[in-house]
Amino acid sequence: MISPSVPFDLIIFDCDGVLVDSELLASEVLSEVLADHDIDIPPRECRERFTGSSLKRVKELVFKSSGIELPDNFEEIVREADRGVFEKRLSPVSGIEEILELLTLPVCVASSGSIEKITHSLTLTGMLGKFAPHLYSAEMVMRGKPAPDLFLHAAQQMGVAPDRCLVIEDSPVGIKGALAAGMTVFGFAGAAHAGPGYAEMLDLAGADMVFREMFALPNMVKFYQK
């Protein structure tokens, strides 16, 4: 039974950059794929511009900024390239495996990635059993992050009111989506891609709290006051 003092009934985790340390890898892949289509965006800029966004939104943003229409199979190309790199180099975010053993609240995943990508990443890192079948993707809703649709869909599927949900996010896009859904959101700035100024960026995006060490999460959940 959940203690009445705990202000949440559900923790919604983003996947990339929160559960799996994938953002550096994904930005390298995306930069290479874009270069194949004559679009020069270095990996660091890819992270700054696209972290937290679905590939569909990336495609739209690239067209808006450059006028270049990426091919219909752009998402498929990126996903296949990600898959190969992840199988060789993907690792869990430091501390997440231990933290998942300590948390007593129900958990789920809400990610801009496809269900196939989420499942593959969590399988590679041994965490699929902690979340399946409660995996929710932007491909399940009309609008991905920063719209609230994905978070509201996850809450509905889990049977929890939005104001009783805590979201763990690593991107301003995700933070804005969680806030728009009426949820509490903690910004995580401890993955490999989170360099100097990253925590401050999440704070400016509106995160209710920002943390750098995953081991801090259980106490943050337990003692947080809305």
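Laboratory data are not the source of any read-out in this text; all were calculated from the coordinates shown. If you're wondering where the values come from, they're calculated on a predicted model, not measured in any experiment. We place every Cβ from the backbone using ideal geometry, glycine too, and count neighbours over all the protein chains shown.
Residues whose amide H lies under 5 Å from that of ARG143, counting only those 5 or more places away or on a different chain, are absent; hydrogens are built 1.01 Å from N in the peptide plane.
Stokes-Einstein at 10 °C, 1.306 mPa s, Kirkwood radius from Cα pairs: D for region 96-150 in µm² s⁻¹?
Answer from the Stokes-Einstein relation: 133 µm²/s.
Direction-averaged projected area, Cα convex hull, region 23-89: 4.0 nm², rounded to one decimal. Springs between Cα atoms under 10 Å define the GNM used for the chain, and in it the highest mean-square fluctuation of PRO106, PRO148, PRO162 occurs at PRO106. When the Cα convex hull of the chain is projected onto planes of every orientation, the mean area is 11.5 nm². As a proxy for reagent exposure, TYR198, TYR224, TYR136 were ordered by neighbouring Cβ count within 10 angstrom, fewest first; the result is TYR224, TYR198, TYR136. Comparing ALA155, ALA110, ALA205 in a Gaussian network model of the chain, where Cα atoms under 10 Å apart are tied by springs, the biggest mean-square fluctuation is seen for ALA205.
Where the only charges are on Cβ atoms (+1 Lys, Arg; -1 Asp, Glu), what is the dipole of the chain about its Cα centre, to the nearest 20 debye?
620 debye
Karplus-based coupling profile of region 217-222, in residue order and whole Hz: 4, x, 5, 5, 5, 5, with θ = phi - 60° in 6.51 cos²θ - 1.76 cosθ + 1.60 and x standing for Gly or Pro.
Sequence-ordered 3J(HN,Hα) estimates for region 102-114 from the Karplus curve with 6.51, -1.76 and 1.60 and θ = phi - 60° stand at 8, 5, 9, 7, x, 10, 8, 10, 10, 10, 6, x, 6 Hz, glycine and proline given as x. Taking 0.36 nm per residue of separation and subtracting the current Cα-Cα distance, fully stretching the chain between ILE68 and ALA132 would add 19.3 nm. At q = 0.18, 0.24, 0.28, 0.31 Å⁻¹, what log₁₀ I(q)/I(0) does a Debye calculation on the Cα points of region 142-187 give, no solvent, two decimals? Reported log10 I(q)/I(0), two decimals: -0.42, -0.74, -0.98, -1.15. Considering only LEU135, LEU70, LEU105, and ranking their Cα positions along the charge dipole of the chain that arises from unit charges at the beta-carbon of Lys, Arg, Asp and Glu, the one farthest toward the positive end is LEU105. Looking only at GluC sites (Glu not before Pro) in DSSP loops with at most 12 other Cβ atoms within 10 Å, what is the longest site-free stretch of the chain? Answer from the scan: 70-212.
Pairs of Cα atoms nearer than 8 Å and 6+ residues apart set the relative contact order; for region 1-112 it is 48 percent. The 3J(HN,Hα) values that the Karplus relation (6.51, -1.76, 1.60; θ = phi - 60°) gives for region 185-199 are, in residue order, 9, 9, x, 9, 10, x, 7, 4, 7, 8, x, x, x, 5, 4 Hz. Gly and Pro appear as x. One Cα centroid belongs to region 87-104, the other to region 18-47; the line between them spans 23 Å. Excluding same-chain neighbours fewer than eight residues apart, the lysines reachable from LYS145 by a Cα-Cα span under 26 Å are LYS56, LYS59, LYS64, LYS117, LYS130, LYS176, LYS226. Rounded to the nearest 0.05, the FRET efficiency derived from the C-beta distance between SER5 and MET142 at R0 = 41 Å is 0.65. Note on ILE77, ILE118, ILE68: ascending count of other Cβ atoms within 10 Å places them as ILE68, ILE77, ILE118, the fewest first.
What you get for region 23-89, charging only the Cβ of Lys and Arg (+1) and of Asp and Glu (-1), is a dipole of about 300 debye around the Cα centre. Measuring nothing but how far apart in sequence close Cα pairs (under 8 Å, 6+ apart) lie, relative to its length, the chain scores a relative contact order of 26 percent. Only Lys, Arg, Asp and Glu carry charge here, each on its Cβ (+1 for the first two, -1 for the last two); on that basis region 85-171 has a dipole of about 160 debye about its Cα centre.
State the extension gain, in nm to one decimal, for the chain segment bounded by ARG89 and ILE39, taking 0.36 nm per residue of separation less the distance between their alpha-carbons.
15.5 nm
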